[in-house]
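What follows draws every value from the coordinates through simple rules; no lab data is involved. Because the structure is predicted, anything quoted here is derived from the model rather than measured. When we count neighbours, we look across all protein chains shown, and the Cβ atoms used for this are built from the backbone with ideal geometry, even at glycine.
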Amino acid sequence: MNEEELFRAYRETHDVALRNEIVEKYLYIAAVLAKKFVGRGVDYDDLYQVASLALLKGVERFDERKGLKFSTFITPTITGEIKNYFRDRSRLVHLPRRVSELRVGIKRASEEFFAEHGRKPTAKELAGMLSVSEEEVVRCSDAGGVVSLDVPADREHEGMSLHDLLPAEGDMFETFEDRDALNAAVRTLGEQERALLKYRFGEELSQMETAKRLGVSQMNVSRMERRVLQKLRDTMKKAMTE
């Protein structure tokens, strides 16, 4: 079976043997990406484990009906998971103990709430569960300002993720290092838009921190993100068709 047939069959049957076959087929991507991060204080085996788990999760979430190649989808996904792994390790060392403990509590409470209600809790609901202020919940949830390639770039809405920026045409694994099209697209943005990209996806600041840097509200940052990401996506798609 070709790639599309494999994923269609797994989506319809959820056959574990079929899932394992797909994972084995794409483990080379996890291996290559893990090697790229060797030499930063983490052993290759640990990085490979993180990458492999991201691959497994990606297989579960991938929908071949959207027209993406799996390698296009999974490469930035795995890269994002590895980067988040480094950020998590760093936060364990650098975040104040109170913040670290509250972040753990927030995560646990969120999982329990979701299991019971089938949705994510609001900051107010989390604050009530943990007997802390809503401000503390927001501040601790935002600590570190991690921006994953695999989650919506707009935290408040079902917005585009960073890999949605990248055109679906072609094999992303083969062209992932070629950033010419993206760089050209970024040059079409205004000064404030480029600053937003720098803060959010370069320095990986939170929306709140980015808003302070830009002198605007967090809501404006959220709206600007959606507009900028869509503009980049449109520009890159246009460049590929010319």
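Results, tabulated for the structure shown:
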{"read-out": "Inter-label distance for R87 and S110, nm, one decimal - labels placed 7 Å from Cα along Cα-to-Cβ", "value": "1.1 nm"}
{"read-out": "Anisotropy class of the stretch 1-140 from Cα gyration tensor, a/c 1.5 cut", "value": "oblate"}
{"read-out": "Too-long pairs where the Cα-Cα distance tops 18 Å, listed order kept, from K35/K83; K66/K120; K198/K231; K69/K237; K57/K83; K25/K57", "value": "K66/K120"}
{"read-out": "Computed lengthening from V23 to N220, 0.36 nm per intervening residue step minus Cα-Cα distance", "value": "66.9 nm"}
